[in-house]
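The values are calculated or read from the model by the stated rules, or taken from the named source; none is laboratory data. Note that this is a predicted model, so its numbers are computed, not measured. Cβ placement follows ideal geometry from the backbone for every residue including glycine, while neighbour counts extend to all protein chains displayed. SASA here: full protein model, heavy atoms, side chains in, ligands and nucleic acids out. Shrake-Rupley method; radii C 1.70, N 1.55, O 1.52, S 1.80 Å.
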Amino acid sequence: MTKCEALIIGGSAGSLEVLLKMLPGLNPALPFPVIIVLHRMPGKDSILTDLLAAKTQLRVKEVDEKDALEPSTIYIAPPNYHLLIENNRTFSLDASEKVNFSRPSLDVSFESAADVFGKNMAGLLLSGANSDGTAGLKIIAQQGGKVLVQNPLTAVVNYMPAHALEQIEADAILTPDEMPGYINSLTN
Amino acid sequence: MTSEHADEHLEMLLSDVLEIYGYDFTGYSRASLKRRIVRLFELDRFVSFAEYRYKIRTDPAYFKRFLEQVTINVTEMFRDPAFYRTLRTEILPRLGTYPFIRIWIAGCSTGEEAYSVAIFLKELNLLNKSLIYATDINNTVLENASQAMIPMSKLQLYTENYIAAGGSENFSDYYSANYSLGKLDDELRSKIIFSSHNLVTDNSFNEFQLILCRNVIIYFDRPLQNKVFRLFDNSLEKFGYLALGTKESLDFSPTAKNFERLKGEKIWRKISGDDKM
């Protein structure tokens, strides 16, 4: 990777605690955006955004359609929409059918990010009980992007990271403690 | 469709579809449109883009399938119950002061939101003086919508939504169960006019007090959104309401100056009526 233009993190059951643990360690001047896509219950309030914002000095924002991607910002996929990225580095939302029983689907976002950023991105898959994310990480790998997976031994629900590791060779298998250091070093 | 040529192929297809069939997708956001077009290519097992393109260009029956698969028809009754609660407690009662209520559901898909609005109008004793125009670009979904059938598998979700939105009756009073389908009341159906309308190319066709267009403009690029907002502005009476999806906004459009936003929900009220374009 010559330059990291985006990090996209996907997770399901057991991922929130990983995020709460690792976000405080992220460099507040991170020179790329962090996009978080979690399986979550639909709801009007933005508890998740507030919860994560309390743990970091980076700007945290739930995505509205057409928001532009900016560095040093953590974007949260809104519930009940798929999150996609346009070639002009803006977000698109999509209320179409669930994929892998999920909306947002990690595969949809990973694939869309891979399409735009190619080798200049990283995808990180966290804890979960579903196979969503594996196909998307594969596409990230095919495009030359970095594939990062939570160490299944540290995952509350290890199915999702273990499933991905069976099918893809990861560039790094990380414990939550190792994640901030690794992400901060993605700069160059 | 290999990914390095996919963008080029996509643009070729869109110009074919416009030239041959008159459907203009060139103002649609590309990421989602591309995903659906590539998905259909894979689903129908085309071996090459050239074959896919030829089929779409020359086979109107296949184009019909293309249109159905590429436009998004996911909807539900009382979608986002908090929005419907506001509609029921604040917006519809205010429309009750008019002698006749005209509502436009733009991009109605299979009609679930039109029936939801009709149910709340009925509960507020306003249905008899209301007319709902429900329009979509896709004729197949309009045919489905006019059948007034809901799959039994959706009934639990719809009942939960209805209760969360503040419905005052038993939701089961509004349909009769028949094997795997529930048939909605004829009275609801009688107040809805389903018809074809393309937001991209068609004009205003009436004046309304309320326009609902939820999760439609997310698929449009900014210039097309602005065009559609102008159409809505031209189709709303002064002091009428425009309701959008939970993540959509009128605020970035030049039309916003004619509207003020209600607190909380994605609902705007038209406050200026004389500077039509």
* Being out of contact with any strand residue (DSSP E or B) (no Cβ under 9 Å at 6 or more places or on another chain), touching a residue at least 40 places away in the same chain (Cβ under 8 Å), more than 22 Å from A:GLY118 (Cα to Cα) and of a type outside the set (D, E, K, R) is the filter here, so list the residues in the range B:21-40 that pass it. => B:TYR21, B:GLY22, B:TYR23, B:PHE25
* **From the options B:TYR115, B:TYR98, B:TYR84, residue that is open to solvent by 30 Å² or more (accessible area, probe 1.4 Å) and aromatic (Phe, Trp, Tyr)** => B:TYR98
* Could you tell me whether A:GLY25 is small (Gly, Ala, Ser) and either at pLDDT 95 or above or within 21 Å of A:GLY136 (Cβ to Cβ) (or both)? => yes
* Which residues, taken from the range A:84-101, are in contact with a helix residue (DSSP H, G or I) (Cβ under 8 Å, 6 or more places away or on another chain) and assigned to a loop (DSSP other than H, G, I, E, B)? -> A:GLU86, A:ASN87, A:ARG89, A:ALA95, A:SER96, A:ASN100
* Determine, yes or no, whether A:ASP94 is facing chain B (nearest Cβ under 7 Å), open to solvent by 10 Å² or more (accessible area, probe 1.4 Å) and not hydrophobic (A, V, I, L, M, F, W, C). => no
* Structure fact -> Residue set B:ASN139, B:ASN128; condition open to solvent by 70 Å² or more (accessible area, probe 1.4 Å) and within 28 Å of B:ARG30 (Cβ to Cβ); output residue B:ASN139
* Within the range B:58-156, which helices (runs of 4 or more DSSP H) (wholly inside it) include 2 or more residues that are of a type outside the set (D, E, K, R) and closer than 18 Å to B:LEU244 by Cβ? -> B:81-86, B:92-95, B:112-123
* In the range B:249-272, is there at least one residue being open to solvent by 20 Å² or more (accessible area, probe 1.4 Å) and within 14 Å of the chain's Cα centre (by Cα)? -> no
* For B:ARG79, all conditions in the list (1) over 27 Å from B:HIS197 (Cβ atoms); (2) of a type in the set (Lys, Arg); (3) facing chain A (nearest Cβ under 10 Å) hold save one; what is the number of the exception? -> (1)
* Quick check: anything in the range A:48-55 at pLDDT 95 or above and within 14 Å of chain B (Cβ to nearest Cβ)? -> no
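Residues are listed down the side, and each one gets a yes or a no for (1) open to solvent by 60 Å² or more (accessible area, probe 1.4 Å); (2) within 14 Å of chain A (Cβ to nearest Cβ); (3) part of a helix (DSSP H, G or I):
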| site | (1), (2), (3) |
| --- | --- |
| B:HIS5 | yes, yes, yes |
| B:GLU8 | yes, yes, yes |
| B:GLU19 | yes, no, yes |
| B:LEU40 | no, yes, yes |
| B:VAL47 | yes, no, no |
* Structure fact -> Here, strands (runs of 3 or more DSSP E) confined to the range A:102-188 with at least 1 residues that are open to solvent by 40 Å² or more (accessible area, probe 1.4 Å) are A:146-150, A:172-174
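Conditions tested, residue by residue: (1) away from chain A (no Cβ under 14 Å); (2) open to solvent by less than 70 Å² (accessible area, probe 1.4 Å); (3) under 30 Å from B:GLU207 (Cα atoms).
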site: B:ALA31; (1), (2), (3): no, yes, no
site: B:ARG35; (1), (2), (3): no, yes, no
site: B:TYR52; (1), (2), (3): yes, yes, no
site: B:ILE56; (1), (2), (3): yes, yes, no
site: B:ALA61; (1), (2), (3): yes, no, no
site: B:LEU67; (1), (2), (3): yes, yes, yes
site: B:PRO93; (1), (2), (3): yes, yes, yes
site: B:ARG102; (1), (2), (3): yes, yes, yes
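In the range B:222-242, what count of residues is obtained for those that are crowded, with 22+ Cβ neighbours inside 10 Å and hydrophobic (A, V, I, L, M, F, W, C)? Explain how you work it out, then say what you get.
To start, the set of residues in the range B:222-242 that are crowded, with 22+ Cβ neighbours inside 10 Å comprises B:225, B:229, B:232-233, B:236, B:240-242.
Still in the running and hydrophobic (A, V, I, L, M, F, W, C): B:229, B:232, B:236, B:242.
So the count comes out to 4.
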* Does B:ASN178 satisfy the criteria of being under 30 Å from B:PHE229 (Cα atoms) and open to solvent by 70 Å² or more (accessible area, probe 1.4 Å)? -> no
* Structure fact -> Taking first residues from the range A:158-182 that are among the acidic types (Asp, Glu) and second residues anywhere that are surrounded by fewer than 18 Cβ atoms within 10 Å (Cβ to Cβ) and not in a loop (DSSP other than H, G, I, E, B), the pairs with Cβ under 9 Å that are 6 or more apart or on different chains are A:ASP177/A:LYS21; A:ASP177/A:GLY25; A:GLU178/A:ALA172
* Asked: Of all residues in the range A:69-83 being closer than 20 Å to B:ASP251 by Cβ and assigned to a loop (DSSP other than H, G, I, E, B), which is farthest from the other protein chains (Cβ to nearest Cβ)?
  -> A:GLU70
* Does the range B:22-53 hold any residues that are of a type in the set (Ser, Thr, Tyr), more than 20 Å from the chain's Cα centre (by Cα) and more than 16 Å from B:GLN69 (Cα to Cα), and which are they? -> B:SER48
